[in-house]
Amino acid sequence: MENIQEKLIIKKGTKLVTKCVDLNHEGQGVCKIDGIKDGEEVNNFPIFVNNMIPDEKGQLEITKLSKTYGYANVVKIFNDTRSKNRTRPLCPNYEKCGGCNIMHMSYPYQLEFKTKMVKDTLWKLGSIDNVEVLPTIGMSNPDKYRNKVQVPFRKTFYKTVCGFFAKDSHNVIPLTECLIQPDISTSIIHFVRNMCNEFKIDGYVENENTGLIRHLLVRTNHDLTEIMLVFVLTNSELPYKDEIIAKIIKRYPNVKSIIINVNNKVGNTILGEKCLTIYGNDYIKDTLCGLKFRIGPKSFYQVNHVQTEKLYNKAISLADLNENDILIDAYCGIGTIGLIASKHVKEVYGVEIVDEAIKNAKINAKENKIKNSHYVCNKAEEQIVKWKSEGINANVIVVDPPRKGCDIKLLETIDEMNIEKVVYVSCDPATLARDLKILIQKGYKLEVVQPVDMFPYTSNVETIAYLKR
Ligand code: SAH
């Protein structure tokens with residue numbers, strides 16, 4: 001006879017011993033528990049746990065519950081069940097910082113996780129199971145890869161501090177070091193914070209929308225010979241501007257661009273509309289797949305140079321380009337993919353919504369002596385309809401949308417134009433799955449899926465999907 005008293009009562013604060021059976025898409029361990037929740041019996045109730053790996057057993061404490069799932073913290077992992085895929089995180093801030101979330105996994109296991117996660121997501125959200133998902137392309141040395149760092153600055157009792165947001169919060173963890181960004185970026189951040197305190201420049205106070213400095217953005221090129229600093233301020237006046245600039249360039253001569261960006265709006269968006277260049281150029285230059293690119297403060301640029309070259313080369317080789325191809329580069333940013341592909345094709349048509357990025361795409365074409373590319377600043381979903389009506393006979397398209405994926409109008413027009421080859425570069429497997437499902441329903445065949453590890457130590461992944469008519 002069942003005795004309800006003996007069953008686990010599932011509520012906040014419940015301590016239990018259980019085993020991890022899977023990972024969710026964020027790399028959290030998944031445990032399935034039985035018990036009584038809100039007076040009713042539940043079975044296989046999923047609990048997500050940071051820092052736990054399949055097959056490990058441990059003691060957990062439930063921290064949060066919703067109707068269909070919950071969260072728990074690890075109290076301890078039983079030593080004899082410790083996964084061989086576990087490693088000691090090298091970053092001292094790992095447990096607190098919201099930046100990395102799978103640093104407790106060995107690097108080969110991180111890659112395995114990403115491959116499986118992409119596969120599972122395509123199945124769960126796109127009903128796609130008959131496609132080859134190739135092993136995630138990793139890095140030989142996955143450290144210090146991030147070429148763009150955006151650090152929040154905040155005011156505390158007496159001083160201005162900066163660092164990273166703690167997991168799921170806006171509490172700033174003071175930055176000591178960071179394993180995924182170049183040392184010079186960390187050094188510059190410390191230097192600017194010290195100057196803010198020296199010159200009494202207040203950090204932002206979020207709940208009052210007061211203070212001056214909200215973020216510092218540091219962007220570096222691949223060989224660290226060009227660095228851009230963007231001071232995100234609540235107004236356009238940086239006190240002691242000339243002294244600050246002089247100090248920065250004396251200490252860091254590779255800083256080639258200093259910009260003030262004004263953002264006085266409440267909310268999480270980092271950059272505001274207005275940019276003022278207060279030192280040097282309004283761009284830095286980088287070399288990618290043999291071409292030179294100008295990157296402005298508001299333009300998108302992939303954060304991991306080594307992996308971006310692998311990503312673009314793979315995307316281009318999958319498309320099997322030839323000299324008669326007419327290529328659309330949708331969501332083209334500063335023109336990277338299309339310009340790198342341009343030597344293989346007849347014409348390239350790029351579209352992007354950020355005006356500054358399109359200006360630089362045009363300059364990037366010129367500087368690289370590329371004559372067969374054409375750029376328009378517009379929404380991709382609107383411009384493609386225009387191109388269609390103008391009779392642009394594109395037979396290949398690369399789409400590289402932001403996390404929210406492609407607008408349905410774009411997918412419909414790809415189908416209506418009967419574009420033969422589609423290369424989809426995605427930073428979110430969930431929206432990728434949704435959009436692939438639509439293209440497949442329209443008669444495209446998904447040939448292959450290739451994840452690329454653009455963001456080691458985090459659960460994010462970049463994925464290329466190649467479809468053919
Ligand atoms: N392909 C580029 C940029 C990819 S990031 C690269 O690899 O560097 C996605 C880009 O889409 C961003 O530059 C963003 O500004 C742009 N974007 C977002 N929504 C858009 C839309 N509706 N139409 C066109 N571009 C858009």
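The values are calculated or read from the model by the stated rules, or taken from the named source; none is laboratory data. This one's a predicted model, so the numbers in the text were calculated from it and none came from an experiment. Glycine also receives a Cβ, built like all others from the backbone with ideal geometry; neighbour counts cover every protein chain displayed. SASA here: full protein model, heavy atoms, side chains in, ligands and nucleic acids out. Shrake-Rupley method; radii C 1.70, N 1.55, O 1.52, S 1.80 Å.
If you take the residues of region 414-427 that are more than 13 Å from the ligand (Cβ to nearest atom) and not hydrophobic (A, V, I, L, M, F, W, C), which of them is least open to solvent (accessible area, probe 1.4 Å)? Only one residue fits best here, namely Lys421.
When the strands (runs of 3 or more DSSP E) confined to region 262-335 are screened for residues that are within 15 Å of the ligand (Cβ to nearest atom), those reaching at least 2 such residues are found at 284-288, 291-295, 326-330.
Per the listing Glu26, Glu112, Glu41, the residue uniquely assigned to a loop (DSSP other than H, G, I, E, B) and surrounded by fewer than 18 Cβ atoms within 10 Å (Cβ to Cβ) is Glu26. Could you tell me whether any residue of region 451-459 is open to solvent by 10 Å² or more (accessible area, probe 1.4 Å) and part of a strand (DSSP E or B)? Scanning region 451-459 turns up no residue that is open to solvent by 10 Å² or more (accessible area, probe 1.4 Å) and part of a strand (DSSP E or B).
Looking at region 396-407, can you tell me whether even one residue there is surrounded by fewer than 24 Cβ atoms within 10 Å (Cβ to Cβ), away from the ligand (no atom under 15 Å from the Cβ) and at pLDDT 95 or above? For region 396-407, residues surrounded by fewer than 24 Cβ atoms within 10 Å (Cβ to Cβ), away from the ligand (no atom under 15 Å from the Cβ) and at pLDDT 95 or above: absent. Under the condition of being touching a strand residue (DSSP E or B) at 6+ places or on another chain (Cβ under 8 Å), near the ligand (Cβ under 10 Å from one of its atoms) and in a helix (DSSP H, G or I), which residue from region 363-395 is nearest to Ile284 (Cα to Cα)? Going through the qualifying residues, I end up with Ala380.
Which residue, of Leu467, Leu411, Leu432, is more than 16 Å from the ligand (Cβ to nearest atom), modelled with pLDDT of 95 or more and not in a loop (DSSP other than H, G, I, E, B)?
Numbers: Leu411 fails: more than 16 Å from the ligand (Cβ to nearest atom); Leu432 fails: more than 16 Å from the ligand (Cβ to nearest atom).
Sole residue among the options that is more than 16 Å from the ligand (Cβ to nearest atom), modelled with pLDDT of 95 or more and not in a loop (DSSP other than H, G, I, E, B): Leu467.
Each residue in region 50-67 was checked for being over 28 Å from Cys178 (Cβ atoms), among the polar types (S, T, N, Q) and open to solvent by 60 Å² or more (accessible area, probe 1.4 Å), and 0 pass. Note on region 68-85: residues that are touching a strand residue (DSSP E or B) at 6+ places or on another chain (Cβ under 9 Å) and open to solvent by 40 Å² or more (accessible area, probe 1.4 Å) amount to 9.
Between Tyr94, Tyr158, which is open to solvent by less than 80 Å² (accessible area, probe 1.4 Å), in a loop (DSSP other than H, G, I, E, B), on the phi < 0 side of the Ramachandran plot and without any contact (Cβ under 8 Å) to a residue 60 or more places away in the chain?
Tyr94
Scanning region 336-356 for residues that are in a helix (DSSP H, G or I), within 24 Å of Lys409 (Cβ to Cβ) and out of contact with any Leu (no Cβ under 7 Å at 6 or more places or on another chain) gives Ile337, Asp355. Regarding Asp435, is this residue buried (at least 20 other Cβ atoms within 10 Å of the Cβ) and touching a residue at least 40 places away in the same chain (Cβ under 8 Å)? Judged against the criteria, Asp435 is not a match. In region 336-354, the residue that is farthest from the ligand (Cβ to nearest atom) out of those that are surrounded by fewer than 22 Cβ atoms within 10 Å (Cβ to Cβ) and charged (D, E, K, R) is Lys346. Reported count of residues in region 158-203, each being within 17 Å of Asn147 (Cα to Cα) and of a type in the set (Ser, Thr, Tyr), is 3.
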